[in-house]
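Visitor: My structure is below; once you've seen it, I'll send some questions.
The values are calculated or read from the model by the stated rules, or taken from the named source; none is laboratory data. Just so it is clear, the model here is predicted, and its values are computed rather than measured. Cβ atoms come from the backbone with ideal geometry, glycine included; neighbour counts cover every protein chain shown. The area values use the complete protein model at the heavy-atom level, side chains included, leaving out ligands, DNA and RNA. Shrake-Rupley method; radii C 1.70, N 1.55, O 1.52, S 1.80 Å.
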Amino acid sequence: MPKSYPSSHPTTQPFHSFFHLLPVVFSMAEQNHSPGNELQHRMRAEIPGKKSWHSQAYALGAVSNFMSTFLTFPIYKIVFRQQIHAMAASEAVRQLWHEGPQYFYRGIYPPLLSKTLQGTLLFGTYDSLLCSLSPVGPHTLGHRWAAGLMSGVVEAVALSPFERVQNVLQDGRKQARFPSTFSILKEFNSYGLWGRLSLGYYRGFWPVLARNSLGSALYFSFKDPIQDGLAEQGLPYWVPALVSGSVNGTITCLVLYPLIVLVANMQSHIGWQNMPSLWASAQDVWNTRGRKLLLIYRGGSLVIVRSSVTWGLTTAIHDFLQRKSRSRKELKTD
């Protein structure tokens with residue numbers, strides 16, 4: 001990475017924690033008695049034939065993603081400018097400051113809506129698919145991977161248009177031409193049917209699909225095993241969920257960051273002219289970064305921090321809400 005983004009400091013501790021927990025993760029992957037699995041099994045056994053627990057997963061995912069997205073949006077805005085312009089974090093901050101505070105939260109509504117829907121689909125679809133694959137458990141690593149992969153596919157199909165509009169809004173080069181969401185939608189709707197999909201709302205869909213499906217599979221595969229392994233150490237109840245989400249977010253972001261950069265660059269293009277293909281876009285990103293992998297990761301430090309914080313908060317909030325819901329149900333049954 002460039003000097004302004006030393007790769008060793010932000011990620012050393014998460015990597016150490018992750019690999020320290022790997023034996024626990026894989027030994028628990030095939031087990032049936034982790035705290036998280038016992039909770040899911042008990043709830044399904046206590047209320048046979050009812051879908052309230054599965055339906056609740058959609059609501060819990062929506063609330064947790066809404067809150068974490070709102071809190072971390074400023075970091076994302078800086079990261080996006082780095083991905084598009086290949087600039088340092090300090091330069092991206094100066095650019096946003098020069099544009100004025102009225103533009104700092106420009107583009108927040110699409111991600112706020114899309115991330116809320118993302119949490120709804122991601123957690124709800126995952127829980128439903130996991131129950132279909134293994135109605136009474138145990139949930140193996142293969143079950144969690146498959147359910148996470150498919151939930152990521154659903155998420156990509158449903159939410160790619162939101163991300164497309166968001167990326168156009170956040171590109172400072174297009175503020176004069178497209179001052180609002182409505183102006184972007186008007187542009188897309190002026191195309192023919194195929195153009196609306198391929199050049200408009202679903203521009204950059206294939207890397208989005210790969211990123212979301214693989215990211216969801218990784219997150220759900222290791223979230224509960226890491227959390228359960230930490231819970232056995234006697235830590236406060238909120239710490240395992242926070243650390244599990246943070247470690248998962250860090251590792252997933254590191255692995256998939258080149259796809260994140262490719263998506264941002266592909267979706268920043270607009271109009272019929274000079275619309276490069278997927279391969280041409282990948283070559284352009286590679287060439288403009290000096291054909292160096294370290295330069296592809298420019299902005300990666302902030303992305304890692306944001307992903308770690310976002311998924312840590314999302315997981316902790318989700319776990320907190322889930323515990324509260326379980327407590328209310330237990331009080332009603334007593």
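Visitor: Report the residue count in segment 120-162 for those that are touching a residue at least 12 places away in the same chain (Cβ under 8 Å) and outside any helix (DSSP H, G or I).
Guide: Going through segment 120-162 one residue at a time, the tally reaches 6.
Visitor: Need pairs with beta-carbon distance below 7 Å; first residue under 16 Å from Ala158 (Cβ atoms) and within segment 103-118, second charged (D, E, K, R) and crowded, with 18+ Cβ neighbours inside 10 Å; sequence gap 6+ or separate chains.
Guide: Note: pairs meeting the criteria are Ser114/Glu163; Gln118/Glu155.
Visitor: Confirm whether Ser151 is open to solvent by less than 50 Å² (accessible area, probe 1.4 Å) and touching a Phe, Trp or Tyr at 6+ places or on another chain (Cβ under 7 Å).
Guide: The answer is yes for Ser151.
Visitor: Go over the candidates Gln227, Gln322, Gln273 one by one and state the one that is more than 30 Å from Gly192 (Cα to Cα), modelled with pLDDT under 90 and either touching a strand residue (DSSP E or B) at 6+ places or on another chain (Cβ under 9 Å) or not aliphatic (A, V, I, L, M) (or both).
Guide: Gln322 is the lone residue from the list that is more than 30 Å from Gly192 (Cα to Cα), modelled with pLDDT under 90 and either touching a strand residue (DSSP E or B) at 6+ places or on another chain (Cβ under 9 Å) or not aliphatic (A, V, I, L, M) (or both).
Visitor: Return yes or no: is His98 more than 16 Å from the chain's Cα centre (by Cα), open to solvent by 30 Å² or more (accessible area, probe 1.4 Å) and closer than 21 Å to Met266 by Cα?
Guide: So His98 does not fit the description; no.
Let's see how each residue does on (1) in a helix (DSSP H, G or I); (2) open to solvent by 20 Å² or more (accessible area, probe 1.4 Å); (3) of a type outside the set (Val, Ile, Thr):
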residue	(1), (2), (3)
Leu185	yes, yes, yes
Phe188	yes, no, yes
Gly195	yes, no, yes
Leu199	yes, yes, yes
Trp206	yes, yes, yes
Gln233	no, yes, yes
Val239	yes, yes, no
Gly245	yes, no, yes
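Visitor: Which numbered condition in (1) at pLDDT 90 or above; (2) of a type in the set (Ser, Thr, Tyr); (3) over 19 Å from Thr315 (Cα atoms) is the only one that Ser268 fails?
Guide: Of everything listed in (1) at pLDDT 90 or above; (2) of a type in the set (Ser, Thr, Tyr); (3) over 19 Å from Thr315 (Cα atoms), Ser268 misses just condition (1).
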